[in-house]
1. Give all pairs with beta carbons closer than 8 Å in which a residue from the range 139-165 that is farther than 20 Å from residue 181 by Cα meets a residue that is among the basic types (Lys, Arg) and at pLDDT 70 or above; count only pairs at least 6 apart in sequence or on separate chains.
2. Step by step: first the residues of the range 186-223, then only those that are within 12 Å of the ligand (Cβ to nearest atom), part of a loop (DSSP other than H, G, I, E, B) and of a type in the set (A, V, I, L, M), then the one that is surrounded by the most Cβ atoms within 10 Å (Cβ to Cβ). Which residue is that?
3. Check 18, 45 and return the single one that is touching a strand residue (DSSP E or B) at 6+ places or on another chain (Cβ under 9 Å), of a type in the set (A, V, I, L, M, F, W, C) and crowded, with 20+ Cβ neighbours inside 10 Å.
4. What number of residues in the range 19-56 are more than 17 Å from residue 179 (Cβ to Cβ) and either hydrophobic (A, V, I, L, M, F, W, C) or touching a helix residue (DSSP H, G or I) at 6+ places or on another chain (Cβ under 7 Å) (or both)?
5. Check off (1) surrounded by fewer than 17 Cβ atoms within 10 Å (Cβ to Cβ); (2) under 18 Å from the mean Cα position of the chain (by Cα) for residue 177 and give me the number that stays unchecked.
6. All but one of (1) closer than 22 Å to residue 183 by Cα; (2) over 14 Å from the mean Cα position of the chain (by Cα); (3) surrounded by 14 or more Cβ atoms within 10 Å (Cβ to Cβ) hold for residue 108, so report the exception by its number.
7. Filter the helices (runs of 4 or more DSSP H) completely within the range 1-104 down to those with at least 2 residues that are among the β-branched types (Val, Ile, Thr) and within 16 Å of the ligand (Cβ to nearest atom).
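The values are calculated or read from the model by the stated rules, or taken from the named source; none is laboratory data. Note that the structure is predicted; figures quoted are calculated from it, not measured. Glycine gets a Cβ as well: all are built from the backbone with ideal geometry, and neighbour counts include every protein chain shown.
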Amino acid sequence: MKSESPLVGIFGGTFDPIHYGHLRVAEEIAETIGLSELRFVPAGIPSLRDTPAVSLRHRAAIVRIAIRGNSRFVLDEREVRRPGVSYSVESLRELKQEVGGCVILCFIIGVDAFMKLAEWHSWRELFGLCHFVIATRPGYALASRHYNLPPELKEECAQRWVSSADSLRYTPNGLIFIAPTTLLDISATSIRARIAAGKSIRYLMPDAVLDYIAANHLYSGGG
Ligand code: ATP
């Protein structure tokens, strides 16, 4: 008989700032695949993109405020503590050691980010550490298995796609599941642009996050 293992979600990102696109995806995926816990891991210095607009300390504080009250959501500050460039593979290696062999890690990632996975440091090793759960995102092709992936990523993924969330429970790592999620066309880029232009960002993120951003003059040139 197959035995069930607890699933822990990892949601990495710059969260510059966190918004309802992230939070809704996290909530729906936690529910769909039955996560016992979902860890938000704000990235320090990302290796593949511009330096974030505000410090990791502020970005982590914002995540903490945004997830308050959700008993399944946890802020994981390991990249705050680890100086230098952030590599997801390092965080996953550490986490795997911490949680022990019987816990299954599920890395939550938007489809836009997944399409660039082959640019990540030691990306093939990630399949030996976790499953991938891909969140759909407006503007990206959705047909299962037919993403326009770069050839080496497509080849690596070919035998890994599963169409049922249940499959994730019975294999320790290496599978890819596309989770249908509510499409919310919200990005941190558009939020930063709105703040810089003096426009409202209300209803794009929790009010408590708005208050923190305003109180600390973030993203307006003063933070
Ligand atoms: P930016 O606009 O600065 O690139 P972002 O809004 O894409 O930021 P990130 O912190 O870079 O946010 O994203 C972290 C993860 O969340 C990525 O895997 C990304 O694909 C996913 N994500 C972000 N926004 C959404 C959204 N609206 N719907 C689904 N996934 C999202």
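1. 156/124
2. The qualifying residue surrounded by the most Cβ atoms within 10 Å (Cβ to Cβ) is 205.
3. Exactly one of 18, 45 is touching a strand residue (DSSP E or B) at 6+ places or on another chain (Cβ under 9 Å), of a type in the set (A, V, I, L, M, F, W, C) and crowded, with 20+ Cβ neighbours inside 10 Å, namely 18.
4. Number satisfying all stated conditions: 11.
5. It is condition (1) that residue 177 fails.
6. Against the list (1) closer than 22 Å to residue 183 by Cα; (2) over 14 Å from the mean Cα position of the chain (by Cα); (3) surrounded by 14 or more Cβ atoms within 10 Å (Cβ to Cβ), residue 108 comes up short only on (2).
7. 20-33, 56-67
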